[in-house]
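The values are calculated or read from the model by the stated rules, or taken from the named source; none is laboratory data. Keep in mind that this is a model prediction, so the values were computed, not measured. Glycine gets a Cβ as well: all are built from the backbone with ideal geometry, and neighbour counts include every protein chain shown. Remember, those area values only see protein heavy atoms, side chains included, never the ligands or the DNA or RNA. Shrake-Rupley method; radii C 1.70, N 1.55, O 1.52, S 1.80 Å.
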Amino acid sequence: MSVLIVGAGFTGSVLCKVLRATAPELTLTVWEKSRGAGGRQATKRDGEHSCDIGTQYCTHWKNDEFFKPYIKELKSTNVIHELKGNIVNAPNKYGGDCVHYVAKKGMNSTSKYFLSGTNVFYGTRVTALKMLDNKIEVVNAEGRSAIFDAVVFTIPAPQLLDINMDGRMSHDTSDAISKVKFTPRFSLMAVFEEVPHYDWVMKYHDDEVVRFTVWDNVKRSQGLDPTLLIHSSAPWAVKNTDVKTKEEAGEVMLARLKEVFPELPAPKKVIPHFWRYGQIYKPYPGAPGCVTISENPLVIAGGDSFMNTSNLSMCAQAAEILADRVKEGFNIPNIPMES
């Protein structure tokens, strides 16, 4: 029984881990439209330089018993380690009993770890499904196709509306998906020759253009050139999403950065990025974790679009909900994973 998982972000990667452990009779394949794993945990690599351009750290609240085994596994395999260094002006929500973790090889290494052992095809974007009795022919952007017994989408929900579902998505489902909303973000990676010493590793700013800065090389304890990652605020990104290209937004962010940190020299390299789907702020109604697009053959979708909020624990919970739905569809006994 073959299952195609669309999306190699954290939800898709954890889904692979769960199904490999609890339904080994399934043959898993992952198609990811980007060139690498991680989704919004992307780590940008450009020659000898690299930087986390999306998610900067993983937060584990100590009362979150569900996520504890995932944190334990990632720590024990040295994929993540506790963040060292000062965070200035951190949001109040982080004032509780929580620990932040970072990944030396980049945040996308968490997804890579859970994807290990699964066939992953990068640069492969799904454009259409064709139903063939009890199987599904999945077509990519190049017009090539493959046949599977089930398809699981873990991509941001609005992207589902760009895929031809062969008439299987109901009007109610498509209407609900059309109402799912994410906050966008612009980010800018700036690489320097030398910089002054700072007594912080991350800083939140009361500024709509430069909302957050992090010294990525310090955060990851890497002997790389000084690399500063800048995130804009969500409101500023909303105002400029359809007005500025990522390059134009990057120029504005760089100019504002010089005002915020006048002591910084000019960077030797800048790479802008635009996140159309940052964090969920209006999820699918009821936040069910997943929805069924087709019962037979089985096509389902899930992820943080279908949860109450965007964080890695919620993505992992959505992955387990999806795994249970896949096993139900194939009449596979639902045996829990070992902690």
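Magnitude of the Cβ-charge dipole of segment 75-185, K/R +1 and D/E -1, about the Cα centre, nearest 20 debye? Here the size comes out at about 600 debye.
Using R0 = 30 Å, the C-beta based FRET efficiency linking Thr292 and Ser76 works out to 0.25. For the chain, the alpha carbon convex hull comes to 139 Å³ per residue, rounded to a whole number.
With a 1.4 Å probe and all protein chains left in place, how much of the accessible area of the chain comes from carbon and sulfur atoms, in whole percent?
Reported share for carbon and sulfur atoms: 47 percent.
Decide, for segment 1-56, between rounded, prolate and oblate: order the square roots of the alpha carbon gyration tensor eigenvalues as a ≥ b ≥ c, take rounded if a/c falls under 1.5, and otherwise choose prolate if a/b is larger than b/c, else oblate. It comes out prolate by the Cα gyration axes. Length available on full extension from Ala21 to Asp46: 0.36 nm per residue minus the Cα-Cα distance, which gives 5.5 nm.
Heavy-atom accessible surface of the chain, averaged per residue, reaches 46 Å², computed with a 1.4 Å probe. Shown in residue order for segment 110-123 are the 3J(HN,Hα) couplings computed by the Karplus curve 6.51 cos²θ - 1.76 cosθ + 1.60 at θ = phi - 60°: 5, 5, 4, 4, 6, 7, 3, x, 10, 6, 10, 10, 8, x Hz (x for Gly and Pro). Kirkwood Rh, Cα Rg: Rg to Rh for segment 38-141? Answer for segment 38-141: 1.09. Ellipticity at 222 nm from helices only: DSSP H runs of n ≥ 4 in the chain, each -39500 (n - 2.57), divided by the residue count, give -7000 deg cm²/dmol. Put a dot 7 Å past the Cα of Lys181, heading toward its Cβ, do the same for Asp166, and the two dots end up 3.5 nm apart.
When nucleic acids and ligands are ignored and a 1.4 Å probe is applied, Trp61 ends up with an accessible area of around 80 Å². Taking every DSSP bridge with both residues inside the chain, close to 70 percent are antiparallel. Taking a ≥ b ≥ c as the square roots of the eigenvalues of the Cα gyration tensor, an a/c ratio of 1.5 or more together with a/b larger than b/c marks segment 250-339 as prolate. Note on Arg35 and Ala255: their simple-model spin labels are 2.9 nm apart, each label 7 Å out from Cα toward Cβ. Between Gln222 and Ser2, the distance separating the two model label sites (each 7 Å from Cα on the Cα→Cβ line) works out to 3.6 nm. To the nearest 0.05, what FRET efficiency results for Leu264 and Asn334 with a Förster distance of 56 Å applied to their C-beta separation? Calculated transfer efficiency: 0.55.
Straightening the chain between Tyr204 and Phe121 buys 26.2 nm, computed as 0.36 nm per residue apart minus the Cα-Cα spacing.
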